[in-house]
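Encoded as structure tokens, the structure appears first; notes follow it.
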Amino acid sequence: MKKGLVLSLLLSFSPLVWAAEKVVLYNWSDYIPDSLLADFTKETGIQVEVSTYDSNETMFARLNLLGGKGYDLAVPSSFFVEKMIKQHLLQPIDKNKLTQFKNLDPKMTNMSFDPDNQYSVPYLWGTTAIAVNADEVDPKSIKHWQDLWDPKYKKQILLLDDVRDIFFMGLKVKGFSDNTTDPKEIEQAYLALKELMPNVQTFLSDSPKGPLIQGDVNIAVMWNGEAYMAAKEMDNVAYIYPDEGVTLWVDNFVIPKQAANVENAHKLIDFILRPSSAATILKEIGYSTPNLAAIPLLSAEMAKDTSIFPPDPVVKNGSLHSDLGESNALYESYWQKLKAGL
Ligand code: N2P
């Protein structure tokens, strides 16, 4: 008994207890440099436990199942922030604790999915468009989404395993809105995508750059940062924005309702909001940043890279997914059929 008391006293003053300070981050894969998290731990003593997901749907299903327990931070795209707020899965963020919030572009705060940023803080944004191995495919030959349906690309295309980003293509080639809830339009998009299937080699969202780098596919419908990372490992990657427009997305930090380490979650967000952190992230993974104060820290080459920072007309012509409520189930059932080859 006495021994136990001494031991616990000793422990409470030992570094072991400090090491137990932690924050659990549920993030997209390949979405934050490990070195940056290590710097955070070095500075604060707070360990970051990371687990990853590769779609909003997976992240949502998990948090919903656990009632938001077990994770201190997650990084949903805007339309899932909206959905998670509606389902009471999130807790408010205390902006008084975020000394670096001021660095954010006012255009990227107070967005309609979360006015006043009560529940979310923008992390990165970007596009879903077409990356090609330009040694094999002439980038100028692809101007429209429809071009991917050309039989000459048999088995050459990788698609993200992402229902909304891929339905976007099907809806666009049919001339419909990517946020449609009309069952007939959704069906038409499914039928269009079904016709694309002979050209599709694989669906992949966990490091989709891999098959492009290895030469297993020549075309990948994927996120801009993955194209940027691919370009570090292969010579000739081009990132193409088809004329009909592309998916734009904004991913945001949120704190699940039952998070255990709320204080540490705020500390990590604030650390990431530092201009130097944001610049490090960009250099590593090549997504666009809402952090205006980070831009002067980038090389001229990066600042003018149109895969990182899409040109204005691309942004104007792009579209953010909205939460489609009941219609999600219909998309999902066509999506499963499509992937099963039905
Ligand atoms: C990177 C994930 C990109 C996030 N693996 C797309 N919203």
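The values are calculated or read from the model by the stated rules, or taken from the named source; none is laboratory data. Treat the numbers as computed from the prediction; the structure is a model and nothing was measured. A quick note on method: Cβ atoms are made from the backbone with ideal geometry, for glycine too, and the neighbour counts reach across all protein chains shown. In case anyone asks, the SASA skips ligands and DNA or RNA and just uses the protein heavy atoms, side chains included. Shrake-Rupley method; radii C 1.70, N 1.55, O 1.52, S 1.80 Å.
The table below gives the values:
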| item | result |
| --- | --- |
| FRET efficiency, 1/(1 + (r/R0)^6) with R0 35 Å, evaluated for residue 184 and residue 52 via beta carbons | 0.45 |
| DSSP-loop GluC sites (Glu not before Pro) across region 33-81, with at most 14 other Cβ within 10 angstrom | none |
| Signed unit charges on C-beta, dipole axis of the chain, positive-most listed residue 71, 299, 309 | 71 |
| Candidates 73, 65, 191, ranked by Gaussian network fluctuation over the chain, Cα under 10 Å, top entry | 65 |
| Chain lengthening between residue 207 and residue 326 when straightened (0.36 nm per residue, less Cα-Cα) | 39.8 nm |
| Approximate spin-label separation residue 174-residue 21, in nm, with each point projected 7 Å along Cα-to-Cβ | 5.4 nm |
| Cα-centre dipole for region 190-295 with unit charges at Cβ (Lys and Arg positive, Asp and Glu negative), debye to 20 | 340 debye |
| Portion, in percent, of the accessible area of region 211-301 that falls on carbon or sulfur, probe 1.4 Å | 48 percent |
| Distance-filtered residues of region 32-60 - backbone nitrogen under 15 Å, label point 7 angstrom along residue 263 Cα→Cβ | 44-47 |
| Dipole in debye (nearest 20) - the chain, about Cα centre, beta carbon charges: Lys, Arg +1; Asp, Glu -1 | 820 debye |
| Residue of 265, 329, 192 that the Gaussian network model of the chain assigns the largest fluctuation, springs spanning Cα pairs under 10 Å | 329 |
| For the chain, calculated [θ]222 nm from helices alone, where every DSSP H run of n ≥ 4 adds -39500 (n - 2.57) | -11000 deg cm²/dmol |
| Most mobile listed residue (77, 177, 319) in the chain, GNM with C-alpha springs under 10 Å | 177 |
| Angle between the chain longest axis and helix 224-233 axis [Cα atoms, degrees, rounded to 10] | 90 degrees |
| Spin-label model distance (nm) - residue 65 vs residue 235, 7 Å beyond Cα toward Cβ | 4.6 nm |
| Helix axis angle, 262-272 relative to the chain longest principal axis, alpha carbon, degrees | 60 degrees |
| Nearest-20 debye value, region 177-221 charge dipole, Cβ charges on Lys, Arg, Asp, Glu | 160 debye |
| Gap separating the Cα centres of region 288-342 and region 123-155, nearest whole Å | 15 Å |
| In nm, spacing of pseudo-spin labels at residue 140 and residue 299 (7 Å Cα→C-beta vector) | 2.8 nm |
| The chain - accessible surface per residue (Å², probe 1.4 Å) | 46 Å² |
| Reachable lysines from residue 283, criterion Cα separation under 23 angstrom, eight or more residues apart if same chain | 42, 102, 107, 209, 232, 267, 304 |
| Helix 2-12 axis, angle to the chain major axis (alpha carbon atoms, nearest 10°) | 50 degrees |
